[in-house]
Amino acid sequence: MIGFTILGLILFVGSVQVVRCKDLVHGVLWLAMTLMTTAATFAYLDAGFVAGIQVLLYTGGIVILMLFAVMLTKRLDGASIRIDSDGWLRAGVVGFLFFAGLTAVILNSPMPAKGQIGEESLEKVGTLFLTRHLAAFEFLSILLLAAMIGAIVIARKKDA
Amino acid sequence: MTLDLTHWMLLSALMFSVGLMGLLTRKNAVALLLSVEVMANAVNLNLVAIGQHRGDETGQVMALFGIALTVAEVVVGLAIIILIHRLNKTIELDEISELSG
């Protein structure tokens, strides 16, 4: 319970900061902290492999990519990059109603029976990838290739 | 009070709602993508929590699929943002109101 409370508080504060902070670079860094805390949460849940992938792909890949995009789309003149947002009241009402609805659903639905993750959990993950979810696994590699080529085609200069 | 699946699901729902609020309030395209990341992250947390609770590795498999899909989404999204910036010299969403170049 103590671990959950600490991780949950960090995750909540990090998410709120990503959503409301006024400086875009700070927002990306808050997101990096939130994603790292999520990796810690995965490790806390005994999903060590997912935690490693989370650090490699999210914090290693996405955050660097985000920082590149921020640097490419704004002049770097030393000043911080201000971003503003409005409509807090409407968004707050929508977000609160959404959360209330989710809470009602969660509290009123039967929870699945409790089981125990075995010792050879990672082997089972690999086996599931290559047996039951093989088609999805292969399509995912095609999707990643398409995304990579698509990103190059979209973002390159026409005369290059 | 002992820790059970409900707590994890409520935490995930809270993070998702916070991300939704960001999605509705942000004006900058990159900041919008940041909010979407928060929401995707909440979904992955939920998948792993439920899978571990049930003692079923499918939760981890689905979370890994989710992570890979998010990576593809961010790559294409950032490429589109850079293209928009090249065409319009801004990524403030209120100023991008024309569909045809």
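Scanning the stretch B:15-35 for residues that are assigned to a helix (DSSP H, G or I) and in contact (Cβ under 8 Å) with a residue 24 or more places away in the chain, which turns out farthest from the other protein chains (Cβ to nearest Cβ)? Per the criteria, the residue is B:Leu32. Of the residues B:Val61, B:Val43, B:Val38, which is over 25 Å from A:Ser121 (Cα atoms) and either more than 7 Å from chain A (Cβ to nearest Cβ) or of a type in the set (A, V, I, L, M, F, W, C) (or both)? After ruling out the rest, the residue left standing is B:Val38.
If only residues of the stretch A:149-160 that are loosely packed, with under 15 Cβ neighbours inside 10 Å and in a helix (DSSP H, G or I) are counted, the one that is modelled with the highest pLDDT is A:Ile149.
Here is the figure for the stretch A:125-160: residues that are under 18 Å from B:Gly59 (Cβ atoms) and of a type in the set (Val, Ile, Thr) total 3.
Take the stretch B:64-94 and flag every residue that is of a type in the set (S, T, N, Q) and not in a helix (DSSP H, G or I). Listed by number, the list holds a single entry, B:Thr90. When you check A:Thr34 against the structure, is it buried (at least 18 other Cβ atoms within 10 Å of the Cβ) and closer than 18 Å to B:Ala72 by Cβ, yes or no? The answer is no for A:Thr34. You will find that of A:Thr127, A:Thr131, the residue that is on the phi < 0 side of the Ramachandran plot and surrounded by 13 or more Cβ atoms within 10 Å (Cβ to Cβ) is A:Thr127 and no other. Going by what's in this entry, would A:Leu11 be described as surrounded by 18 or more Cβ atoms within 10 Å (Cβ to Cβ) and touching a strand residue (DSSP E or B) at 6+ places or on another chain (Cβ under 7 Å)? Taking the combined requirement at face value, the residue does not satisfy it. Residues of the stretch B:79-95 include none that is in contact with an Asp or Glu (Cβ under 8 Å, 6 or more places away or on another chain), of a type outside the set (Phe, Trp, Tyr) and facing chain A (nearest Cβ under 7 Å). Only residues that are farther than 22 Å from A:Ala69 by Cα and either among the small types (Gly, Ala, Ser) or crowded, with 20+ Cβ neighbours inside 10 Å (or both) were counted across the stretch B:32-61, and they come to 16.
Can you report the number of residues in the stretch B:1-34 which are touching an Asp or Glu at 6+ places or on another chain (Cβ under 8 Å) and of a type in the set (S, T, N, Q)? Count: 2.
Of these, A:Ser141, A:Ser109, which one is within 23 Å of the chain's Cα centre (by Cα) and surrounded by fewer than 12 Cβ atoms within 10 Å (Cβ to Cβ)?
A:Ser141
The values are calculated or read from the model by the stated rules, or taken from the named source; none is laboratory data. Keep in mind that this is a model prediction, so the values were computed, not measured. Methodologically, a virtual Cβ is constructed for each residue, glycine included, from the backbone with ideal geometry; neighbour enumeration extends over all protein chains shown.
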